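Right, one structure below, let's go through it.
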Amino acid sequence: MTLVELFKTVFFGIPIGITIIDVVGYVARVDGVSMQPVLNPGAGKGHDYVFLKKSSHFNRGDVVCLYSPRDKDQKLIKRVIALEGDTVKTLTYKHSSVTIPVGHCWVEGDNASNSMDSNLFGPIALACLTATATSIVWPPSRWQFVKSFVPEHRIPENFRIRSRD
């Protein structure tokens, strides 16, 4: 490869790569046990890597990547339980139930006993959410789509009422 070819590859490749990461998504390693059993199901058996699709629209049940409200340099992966206007029963928050304000959501780890989530922080600004986990891409034995669902026992209170209408 000549110096000119190398320059062309770098000159065009880096901006294209950055654009893909900024617009489409990227792969990230999942640390911790807060999303067990969906992510990192086996203690000490390594880490799952997920594809995070960039998004600005999120639904109840989505597994999302977000900036921690306590440390903007830390990213978390949690499940969206409730959206603005929903009322959710909390697990350990200072109030037993919370109505989610406009521009916010309620996120929780699937492993509630080992999760830093809205039960600690309260409602999370939607601006903190950056991407949706769509699939587990590594290890190969775990290749699968990440299912979007709200556990039956965590469905927002007033969402149940609205769903019956």
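Mind giving me the FRET efficiency for residue 143 and residue 112? R0 is 22 Å, r the Cβ-Cβ distance, nearest 0.05 is fine.
Values: r = 27 Å, r/R0 = 1.21.
After rounding to 0.05, the efficiency reads 0.25.
Do any of 45/94; 72/94; 53/94 go past 30 Å between their Cα atoms, and which? Kindly include the intermediate steps, with their values, before the conclusion.
Values: 45/94 35 Å; 72/94 23 Å; 53/94 33 Å.
The pairs that break the limit, which is 30 Å between Cα atoms, are 45/94; 53/94.
Let me know the charge dipole size of region 28-164 about its Cα centre in debye, to the nearest 20, where only the beta-carbon of Lys, Arg (+1) and Asp, Glu (-1) is charged. If you can, show how the numbers build up before the last one.
Numbers: 18 positive and 12 negative charges, 40 e Å.
For region 28-164, the charge dipole is close to 200 debye.
Tell me, what ³J(HN,Hα) does each residue in region 106-113 have, in order and in whole Hz, if you take phi through Karplus 6.51 cos²θ - 1.76 cosθ + 1.60 with θ = phi - 60° and put x for Gly and Pro?
10, 10, 9, x, 5, 9, 4, 6
Given H placed 1.01 Å from N in the peptide plane, which residues other than close sequence neighbours of residue 135 have an amide H under 5 Å from its amide H?
For residue 135, the qualifying residues are 51, 146.
Quick note: the coordinates plus some simple rules give every number you see, no bench work behind them. Small disclaimer: the values here were computed from a predicted structure and weren't measured. Every residue, glycine as well, gets a Cβ built from its backbone with ideal geometry; the counts of neighbours run over all protein chains shown.
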